[in-house]
Structure formats: structure tokens, C-alpha cells
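Q: Below you will find the structure I want to go over with you.
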Amino acid sequence: MVRCTVTSFNYTRALSMLVGLLMIAPLLSCLEFSEEALEAINTPRVEVFFNSPGTREGTQRNRAPGDFIVERLDSAKDTIDTAVYGFNHRDIIAALIRAHLRGVKVRVVAHAGSLGHSSGYDAMESYRIPMQMGNQFHIMHDKFFLIDGRFVFVGTGNISHSEFERNFNNWNFFDSPPLTRVFTAEFEQMFDGRYSAAKTPTTLPNAFEIGDTRVEIFFSPNDDTMGKILQELRAVDTSIHFTIFAFTKDQVASLFINKHKEFEAYNRAQNKHGLPVLERPKKVVGILDRSQLHGNGQYHQGYRLAANGVPMRMDANENSSMIGDYQAGGGRLHAKTMILDAGTPKARVITGSFNWSAAATISNDEVLMVLHGERIAAAYLEEFEDNIWKQSKDLAQAMCNYMMNADELRCAAPNQIAKLQVKPGDIVISEIHWDGWNGRADPTDHTGATRDEVTDDQFIELYNTTNDPINLSMWTLHNGHDIIMGFPPGTVIMPKQYFLVIDHNTVPLSESNPQRGNHAFKNPDFVLNMANDPRFRRLNFKSAYMNVSLRDTMARTIDRAGDAGPPFFGGRQNATNYSMERIIPATGAVPDGTQRASWKQTIGPRGGDNVHDEFRDFIIATPGQPNSK
């Protein structure tokens, strides 16, 4: 009699091993497993995979996710259905072709916009594997495999070498026929040509108990996926840890900020009264992908979080196949994941293909998973704390390090010596033109202003009082309620120089003719809302309220203008329009910007050189130049 004993067992290979053992079972007179092995085989579990791409070429430490899905595809007996975006992983493509050639029914749902740009789609066509293309005007963004009506492999990563080997991602493997049926129902709709809003919500259950994990599945745009995220965030009691790629959804950021303030107040109260604190203090903490701060501009919610003091770091992954180009070839933080209430019985994880954006909410084909359970949340938290966070960089220091000649910049990072810290007064708000009325209502003003004739063409000017260049990347302007704008990565103000931010708003929005026509000011360093798009932020200074603060990446206030009442000076006086200028002494500190005595009205017969000629007679301002005497 042959005796077979397993003393240790890796569940991720259990099913493959079991299939192989069953095939040779007739040759054996006995199969004997340890109780641990039998329990692992017979008890479904949710398994999670992380790829650990490192930070540089050759530093990846884990190829298990790619190897695992290839093994599963090679073990398929009857069917493989896959919905894939970004499809060029050679090993996975080859595994699908092998399955097709051995008689497995393989079907593919693909993103129409990538046809002709994806080697995987080309290969499927070459082997005449059935494939449906769709969501032409948005994206089919799913990344899942359904195998034999029983297994699901799904995650944040596209099916490419960069996603498996160079970008931070996570995937989950489920052994659950009922859960697979829900995915299959979604797949069938897209395979029939119904994408995005053309799909109908499934009537199948979307919650499943799989081993020690409760799994909920949601598909965009029909299942109110964003609503589920907001519901879970409102219910958070102790902590939010997040990693995110594209982050433009203001509702998510608002709840992050609200929870951060709530938790900070709780922690302060506990410390003040000497009450017991949790082993892990309540907190909201996260890591941002660098490329999206550039790609999404003022849409990116990272600026709002930074302005409100939410602790964040910048992904330090530069494991790219295109060195020096962090927009392509890898080197990204692509894992759109939240870990909520970690270390408590309510611990849960939100993950999937779903970025926190309007497009993911209303138009893309996406999948979102909520995984309830302490084991699964602990695995995600370990990856967050021991891998991604440890390899990330302080936000301010990261912004400085990514700049050219960074050693010449004064970077406001905690590990900088005191003399290199940017201090309050090093950068000051030196001039504000807050009323650029031109006689028309502004259809883009959604801030609650009650004036019928609201501001157009405004500006705010900063001045570097020091002898050093200072990096303003990811600094923000705040109005006491929310941010006005964020300074994009790469923003530097040189010694004793001005930095001019202009909001052109003299021309009504036209999709075919954005921001054409005459503007009041010229030679800006940054134009806010260049396209005059109502979704973008505006300066929107008000005649009854002036409270502007300049905040660095640690939410420290570097300077302020106004006292939350009406502006001290400036505005319309008959047919002339004046700006408000800071009084900047030749020596010594610049006076407090919250005091009226620190400001004056611009004087002079005409506007400065950066006021367009046709406006200089009635707009008296000195944008981007020394203030009037």
C-alpha cells in the first residue's frame, strides 16, 4: 500500500494538486492527507495576491500572481470567460491559446478603444477565439477570469507585464460557483454587446460567505458602486488606509477629510483627559500615485486632502521599462484599495478595478469588491505598512526630489534641517484682484454666490521674500471652507520673484471655442481653469468675504490674506477697478496679512505692464510686478 502524507500545505496550489492527484488516483491504493490539508481543500477561502514590484528595475520580489493565473488557466477543463483591459501579458495570452487548442471554450470581452493596440486582442483574433469589443466612448475597465463556472481571479491590475511586474496591484482568487454566476451574468451582457448604461443590474444575490470572508460584488455603472463606497466610509469607526491611482471623486475626498477631522478630535480628547487610547490611534492615511497628480491636474483630490492635513505619502515606485517616463512602462501605484477599520471585527477591504472618479461611477464597466473579514484585511494592511508605505516618500520631499536641481530648492520636509524649512512669511500673498466684473452673469459659478453679475478675470500674486528658490508643488490656496486651487508638481518660485495665478473668466464657456477673446491680464505663471470648464476650480473671490490661506504640503499656513470679512481694499469705484496690494517693507518681516494695516489699494494712473492695453485705463493693478508706490 502506498502511503501519501502532507505535513505542510499551501492553499493556493491545493486545487491544482487535487486535480492532479485525482487523475492518478486509480494508480494508488491509498491517499492519506493531513487534517490541515483536507481542511484546506474542502474549505473555500478568499486568497489575495500582491506583486511587490519594488522601486527600481530588477527589484520585483513576487511573481506569484502571474504564475498563479497561468496555472489556473492551464488547469481549466471546460470554460474560460475573461473581461480584460490592457491585454499584452505574453504568458497569460499563451495560456488562453493553449486552453483554446485543447478544447476549452474560451471567450473574451475587450475594450474597443484598445483594438489594434493590444497584442492580446490581436492574438485572440488570430486564433479565432470569440471576442466582443465594447464601450467605445468610455472604457471597459474590468480585469477578471472565470474558470469552469467555479473560480474567479480578479483584481486591480490589467493583464500586462507592467501591471504584474512593475506597478503595485492586488488580486483575489475565489472558489465559489454562486459568486462566479454573478460575474458570468455581467460577462454575458457585455459579450452580447451591452456595455456601460446599456446593461441591466443583475437580479442574482451579490453577497457571499466564502470561508472566513464575506464578499460583496458591485458592477458599474448600474449597481450604485460609488454609493456603496460612500456608505462604507460613513460607517468607519477607527481607520482608513488607502492607496489610489486616479482620484477625482470629491465625495470620497470629503468623507476622508470629515473622518480625519473626527479622528483627530477623538485622539486629542483621549490624550487631553488621559483616557485609554487604541493600540492604533484613529486615523486616515494614504498613498498617492505620482503620475495622476500630473494627469488629472486640478481635478485630483490629493490637493484637498493635503490642505486639510490628511497624512499622505507619494508612491516611490520607479520600476519602469521606460526610464525617466513615469507616465508609461510601469512605476505606478495602480492599486485602488481602501482598508477600513483594520484590526477590528468590522475590518473590511474595498478593492477592484474601480478608481474613485466620475467616469468609473457613471460610464465605465468596472467591478468593485468589498471583502469583510479580519484575516483578509490584515493581509492588505501588512502589504500597505510593510511594503508600499515603507517604500513611499514624504509628500513634500517627494515633490522636491522629482524636481530638477532639487538640491537648490528649500523643501518643507520633516527631515530637513531647520534652516531649510519654509517658514511662515517666506512666501506671502502680495496682491489680489478680486472683482473683475464685466457686466455678464457667470454660468460657471457654482459656489453659491448670490450676485447676478459676478467676478471675471481675477488674479492672486505670491512673492518669495527669501534668497532661495522654493518648491510650491502640491501647496494649496484655501478659502476657509475648501481649497481654491493646488499648485501642480514642478511649481517653483524663484528668489525675490512673483508668482502670478490668473483666472480668465471673461468669455462664456463654448466647447468649440474655449477661452478665446480678450482677457484683462497677461504673462501668468499659472492659469486656473484655462478651458473655462465648470467642473474646474475657480478663484471666485467674493466682495463680502476674504479669507485666503497659503498652505504647504503638511497643511501648515504659510501666509493669510483677509479676516473673513469684506476685502480691505480694491474693487469697483465708479468706472475704475482696483486690486488690493500687500505692504512689503524693504527690510524686516512682512506685516500680518489678516490685518487691514498690512494692505493698501493699488495706486497709479494706469494698470501695470501685465494688464492688457485695452484694460489699463480702468483696471489699476500690478500683476506679476512690484507693488505700486
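Q: Beyond a 26 Å Cα-Cα separation, which of these cross-linked pairs lie in this structure: K199/K259; K105/K336; K199/K336?
A: Over 26 Å apart, Cα to Cα: K199/K259; K105/K336.
Q: Arrange the peptides 603-610, 251-258 so that the one whose residues have, on average, the most other Cβ atoms within 10 Å appears first.
A: The most tightly packed comes first, giving 251-258, 603-610.
Q: Right, another one. Using packing as a proxy for protection, rank 622-629, 348-355 so that the peptide with the highest average count of other Cβ atoms within 10 Å comes first.
A: Going by the mean number of other Cβ atoms within 10 Å, highest first, we get 348-355, 622-629.
Q: Cα gyration tensor of the range 167-207, axes a ≥ b ≥ c as square roots of the eigenvalues: rounded (a/c below 1.5), prolate (a/b > b/c) or oblate?
A: It comes out oblate by the Cα gyration axes.
Q: Per-residue counts of other Cβ atoms within 10 Å, averaged by peptide: what ranking do you get for 104-111, 140-147, 263-270, highest first?
A: Result, highest mean Cβ count within 10 Å first: 140-147, 104-111, 263-270.
Q: Residue by residue, what Karplus-based ³J(HN,Hα) values in Hz, rounded to whole numbers, does the range 195-212 have, using 6.51, -1.76 and 1.60 with θ = phi - 60° and x for Gly and Pro?
A: Per-residue couplings from phi come out as 10, 6, 5, 6, 6, 10, x, 6, 9, 6, x, 10, 10, 9, 9, 10, x, 8 Hz.
Q: Determine the alpha carbon to alpha carbon distance for each of K272/K346; K283/K390; K393/K423; K496/K522 and list only those over 24 Å.
A: Cα-Cα > 24 Å for K272/K346; rest within.
Q: In addition: Could you grab the Rg to Rh ratio for the range 215-401? Cα atoms only, Kirkwood for Rh.
A: For the range 215-401, the value is 0.96.
Q: Further question on the same structure: Amide H to amide H, which residues 5 or more places from E47 or on other chains are under 5 Å from it, using H placed in the peptide plane?
A: Those lying under 5 Å, H to H, from E47 are F173.
Read-outs throughout are calculated quantities, based only on the coordinates presented, and are distinct from any laboratory measurement. Keep in mind the model is a prediction, meaning the values are calculated, not measured. Heads up, the Cβs are rebuilt from the backbone with ideal geometry, glycines too, and the neighbour counts pull from every protein chain shown.
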